[in-house]
1. Of the numbered conditions (1) surrounded by 13 or more Cβ atoms within 10 Å (Cβ to Cβ); (2) of a type in the set (Asp, Glu); (3) at positive phi, residue 31 fails exactly one; give the number of that condition.
2. Are there any pairs with C-beta distances below 6 angstrom linking a residue in the stretch 57-69 that is closer than 27 Å to residue 19 by Cα to a residue that is modelled with pLDDT under 95 and part of a loop (DSSP other than H, G, I, E, B), with the two at least 6 apart or on different chains, and if so which?
3. Restricting the stretch 1-36 to residues that are touching a residue at least 24 places away in the same chain (Cβ under 8 Å) and outside any strand (DSSP E or B), which is nearest to residue 79 (Cα to Cα)?
4. Kindly list the number of the only condition in (1) in contact (Cβ under 8 Å) with a residue 24 or more places away in the chain; (2) surrounded by 13 or more Cβ atoms within 10 Å (Cβ to Cβ) that fails for residue 40.
5. Any idea how many residues of the stretch 37-54 are of a type in the set (S, T, N, Q) and either in contact with a His (Cβ under 7 Å, 6 or more places away or on another chain) or under 17 Å from residue 79 (Cα atoms) (or both)?
6. Scanning the stretch 8-51 for residues that are modelled with pLDDT of 90 or more and of a type in the set (Gly, Ala, Ser), which turns out farthest from residue 62 (Cα to Cα)?
7. Across the stretch 43-56, which residue is surrounded by the most Cβ atoms within 10 Å (Cβ to Cβ) among those that are in contact (Cβ under 8 Å) with a residue 40 or more places away in the chain and hydrophobic (A, V, I, L, M, F, W, C)?
8. Search the stretch 70-81 for residues that are touching a residue at least 40 places away in the same chain (Cβ under 8 Å) and pair each with any residue that is part of a loop (DSSP other than H, G, I, E, B) and exposed (fewer than 13 other Cβ atoms within 10 Å of the Cβ) when their beta-carbon atoms are under 7 Å apart and the residues are at least 6 apart or on different chains.
Amino acid sequence: EGENWRAETYFKVSAGGWQIAIAIRWYDETDTYLSTSTALTFDAPASGWWNLYDDAVAPAGAIQAQIEITVTATAASSVMR
């Protein structure tokens, strides 16, 4: 509660480009959903390893979190591994 948290992921783009959004979902002690942090969206326009993160402050009552990652290919030929 009120503490800073960081959700972080690494991934490899093999071909094409991707748009990735990362956010944090917050839950209380009874596993009740509280809120989701504002998603940060990143572009991974080329092949290689990418590191993405989202820093957020836990809302009141939060004692656990879940990372939410949304990936969108920018072309039909895009490959992620």
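1. For residue 31, the exception is condition (1).
2. 58/1; 58/3
3. Looking at the filtered set, the residue picked out is 16.
4. Against the list (1) in contact (Cβ under 8 Å) with a residue 24 or more places away in the chain; (2) surrounded by 13 or more Cβ atoms within 10 Å (Cβ to Cβ), residue 40 comes up short only on (1).
5. Counting residues in the stretch 37-54 that are of a type in the set (S, T, N, Q) and either in contact with a His (Cβ under 7 Å, 6 or more places away or on another chain) or under 17 Å from residue 79 (Cα atoms) (or both) gives 2.
6. Checked the stretch 8-51; the qualifying residue farthest from residue 62 (Cα to Cα) is 21.
7. Taking the stretch 43-56 as the starting set, the residues that turn out to be in contact (Cβ under 8 Å) with a residue 40 or more places away in the chain are 50-56.
Next, only the ones that are hydrophobic (A, V, I, L, M, F, W, C) stay: 50, 52, 56.
Values: 50: 18, 52: 17, 56: 20.
Filtering first and then ranking leaves 56.
8. none
The values are calculated or read from the model by the stated rules, or taken from the named source; none is laboratory data. All values derive from a computational prediction rather than experimental measurement. Here the Cβ is made from the backbone with ideal geometry for all residues, glycine too, and neighbour counts use every protein chain on show.
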